[in-house]
Amino acid sequence: MLHKDYEFVYSAGIADHEKGTKIKDTDLIPLGSMTKPYTVSGIVQFIEAGRIGWNSTVAPIVQDIIKNDSGHELSHWFEDEI
């Protein structure tokens with residue numbers, strides 16, 4: 001996620017299942033635009049499970065992740081945009 005002078009990068013998953021190596025933010029994933037269907041599939045699963053709604057906004061969902069990682073609220077960077 002990019003905004004002005006700040007960039008937030010998060011990664012999760014396994015890069016090498018045989019070695020158990022975790023994926024890093026700098027790893028290149030040769031899927032191109034194929035990551036979008038995976039993202040949407042996960043979002044739809046959350047919607048079907050009742051964890052979020054079709055009109056949910058991302059700020060309340062990622063707020064704790066951003067705050068724990070950076071020590072700042074989203075409003076620190078996005079001011080009145082959220």
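Tabulated values for the structure
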| quantity | calculated |
| --- | --- |
| Pair T57, I29: separation of 7 Å Cα→Cβ label points (nm) | 2.7 |
| In Hz, Karplus ³J(HN,Hα) per residue of region 51-58 (6.51, -1.76, 1.60; θ = phi - 60°; x = Gly, Pro) | 7, 9, x, 4, 9, 5, 9, 7 |
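Quick note: the coordinates plus some simple rules give every number you see, no bench work behind them. All values derive from a computational prediction rather than experimental measurement. All Cβ positions, glycine included, derive from the backbone under ideal geometry; neighbour counts span all protein chains shown.
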